[in-house]
Amino acid sequence: MRFEAEHALEFASLEDAYVTSRYFPREFSREEAERLRGLLRRLSGLLDELLVREARRKLLVFRDLWRYLVEIKGVVVGLDAGARVFLFGSVAAGDYTFASDVDVLIATSLKPCYVIAVLRGCGFEEPFEFHVMSSEESRLYAPRIKSLKEVWCCACG
């Protein structure tokens, strides 16, 4: 979101050029075309930087994934001592890419919005995707989940 806000004028210029060329065809002057080409090159470079930065951030998460998962479990068990935390999906199966998210199933008696808000407040943002449900729901859901692995933590049970 910050990227969009920082480059709102550039996006508005490109959107205006698109709408104009699509719905109100006209000839662009050489100067206008050069300005738009330069703008596209700049935005393309910025997007490249953003994608590389995001891939590096995800790489760090994937390299230290179990530490993050144990921290998540600690937060969740601090809210509900009977909660259980599981990793599942492509990351658990080991066939993830940098486009993958980290699917975390949380079985708890607490409301999903509360658990997710607390975890986000603790800094567990994307790529973590939290699936919060009751223990009963998780028992019904679990047999259909790919590569379900429970997160264990000696300190939190």
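We did not get these values from a lab; they are worked out from the coordinates using the rules stated. Note that the structure is predicted; figures quoted are calculated from it, not measured. Cβ atoms come from the backbone with ideal geometry, glycine included; neighbour counts cover every protein chain shown.
Annotations for the structure displayed:
- Reducing segment 100-148 and segment 9-57 to their Cα centroids gives an inter-centroid distance of 38 Å.
- Rounded to the nearest 20 debye, the dipole magnitude of the chain is 380 debye, with +1 charges on Lys and Arg beta carbons, -1 on Asp and Glu beta carbons, and the Cα centre as origin.
- Cleavage-rule hits, GluC sites (Glu not before Pro), segment 60-157, DSSP coil, Cβ neighbours within 10 Å at most 10: E125
- Two-decimal log10 I(q)/I(0) for the chain, as the Debye equation yields it once each C-alpha is a single scatterer, q = 0.09, 0.14, 0.18 Å⁻¹: -0.47, -0.77, -1.03
- In summary, the lysines within cross-link reach of K58, defined as a Cα separation below 27 angstrom excluding same-chain residues under 8 places away, comprise K73, K146, K149.
- Compactness of segment 2-62 as Cα Rg over 2.2 N^0.38 Å, two decimals: 1.46
- Rounded to two decimals, the Cα-based Rg/Rh of segment 112-157, with Kirkwood Rh, is 0.99.
- For V102, the residues whose modelled amide H falls within less than 5 Å of its own, excluding neighbours fewer than 5 places apart on the same chain, are F128, E129.
- Pair-distance distribution of segment 64-150: all C-alpha pairs, bin width 10 Å, starting at 0; shares per bin in whole percent are 18, 54, 27, 1.
- Total charge dipole magnitude, segment 2-62, about the Cα centre, Cβ charges on Lys, Arg, Asp, Glu only, Debye to nearest 20: 300
- Antiparallel content of DSSP bridges confined to the chain, in %, to 5: 55
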